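Below you'll find the structure, written out as structure tokens, and then a few comments.
Each reported figure results from applying straightforward, stated rules to the coordinates on display, with no laboratory input. Because the structure is predicted, anything quoted here is derived from the model rather than measured. Glycine gets a Cβ as well: all are built from the backbone with ideal geometry, and neighbour counts include every protein chain shown.
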Amino acid sequence: MDLRSAAELGITLARQAGDFAVVEHDTARIEAKGTGSDLVTHVDREAELRIVDALREHYPEHAILGEEEGEQGAGSGARYGWLIDPLDGTNNYVLGLDVYGVCITLCDGERPVMAVVHDSPRRRTFWAIAGQGAWLSHGEAEEPRRLDLGAAEPLDRTTIAFTQGYDTGHDDEWRNALFAALERGTKRVLRSWAPSSDWGLLATGHLGAMVAYRHEIWDRVGGTLIIVEAGGELRTDLTGELIVVGKPQTVRELDALLGVTGSRADATSRNPRVEPAAR
């Protein structure tokens, strides 16, 4: 598998999808998605279709999992699989906030080996290949810049991004405990509702870490690879539902604050700063 060629294709497709979203913004057709409060636009669907068609042409033997249409491509038995979020941050997009992007990830089995995260309004592309570092490009003509997360600040001077899956309700006690601990223990908690934006801020050193709880796979896995390749550290709790990734010192301090490497019961009982919210 030529991962450099896969990265070049992923970058091209992410930029095309991002440009399409920018052009179509004022005429986007909006629909409700599922039974909750989520939204979808014709841009989400059309961008995913374009990406899938290109991947099928170049890699017909690969599986594809898209946010909008689910499993596509060669099927779940394939060795390699792509994860696609064609318009990450749809609610921001609909509101007119320029905080949205594209996430494309290639996995070998369950292991991410190539990732692209594109900041559509600013045309900034973050990408990584496993074992080869993480990079930032501004347009096709500019030479990529290697990313390094930089030094950490103490938690009380650090902004942390927090994201959660759409199926996580307001009465989820563990989520509420995590969020309360972050608000008390850090400078600020950023909730952009667009992980593609958060990954870019973290990769360029403006954030200390990302805390993701029960979050969807298509815009989590690739961003995690980019941050690790930029010198970050990743920790996951025993349930697999909570990850913390970012500057190593920040991640270690968040582990002490949140009890990431313990179980849910251990974390809430041993750390009085992480207590379930009152009902």
Worksheet entry | Per-residue HN-Hα couplings for the range 108-120 [Karplus 6.51, -1.76, 1.60; θ = phi - 60°; Hz; x = Gly/Pro] | 9, x, 9, 9, x, 10, 7, 8, 10, 10, 10, 8, 5
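Is there a quick way to get the dipole size of the range 3-146? I mean about its Cα centre, with the Cβ of Lys and Arg at +1 and of Asp and Glu at -1; what is the value in debye to the nearest 20?
With only Lys, Arg, Asp and Glu charged at Cβ, the dipole is about 460 debye.
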Item to complete: Indicate, rounded to the nearest 5 percent, the antiparallel portion of the DSSP beta bridges found entirely in the chain.
Response: 80 percent
Worksheet item: Using θ = phi - 60° and the Karplus form 6.51 cos²θ - 1.76 cosθ + 1.60, what ³J(HN,Hα) does each residue of the range 52-59 get, whole Hz, x for Gly and Pro?
Response: 4, 4, 5, 5, 4, 5, 7, 9
Discussion item. Only Cα pairs within less than 10 Å get springs; with that Gaussian network setup on the chain, which residue of L106, L95, L65 has the largest fluctuation?
Written reply: L95
Item to complete: May I ask which residue of S5, V113, Y59 lies farthest towards the positive end of the charge dipole of the chain, with charges of +1 (Lys, Arg) and -1 (Asp, Glu) on Cβ and the Cα centre as origin?
Response: V113
Practice prompt. List, in order, the whole-Hz ³J(HN,Hα) value for each residue of the range 236-245 obtained from phi through the Karplus relation with A = 6.51, B = -1.76, C = 1.60 and θ = phi - 60°; use x for Gly and Pro.
Written response: 10, 6, 5, 7, x, 8, 10, 10, 10, 9
Item to complete: Determine the distance separating the Cα centre of the range 202-227 from the Cα centre of the range 85-131; give it in Å without decimals.
Response: 10 Å
Discussion item. Taking every DSSP beta bridge with both residues inside the range 3-146, roughly what % is antiparallel (nearest 5)?
Written reply: 90 percent
Worksheet item: Summing -39500 (n - 2.57) over the DSSP H runs of n ≥ 4 in the chain and dividing by its residue number, what mean residue ellipticity at 222 nm do you reach, to the nearest 500 deg cm²/dmol?
Response: -10500 deg cm²/dmol
Response to the item:
Most fluctuating of A161, A151, A181 in the GNM of the chain (C-alpha, under 10 Å) is A151
Item to complete: Name the residue, out of G150, G131, G185, whose mean-square fluctuation peaks in a Gaussian network model built on the chain with Cα pairs under 10 Å.
Response: G131
Item to complete: Specify the inter-centroid distance of the range 133-180 and the range 1-62, based on alpha-carbon positions, in whole Å.
Response: 22 Å
Worksheet item: In degrees from 0 to 90, rounded to the nearest 10, what is the angle of the helix 248-258 Cα long axis to the longest principal axis of the chain?
Response: 50 degrees
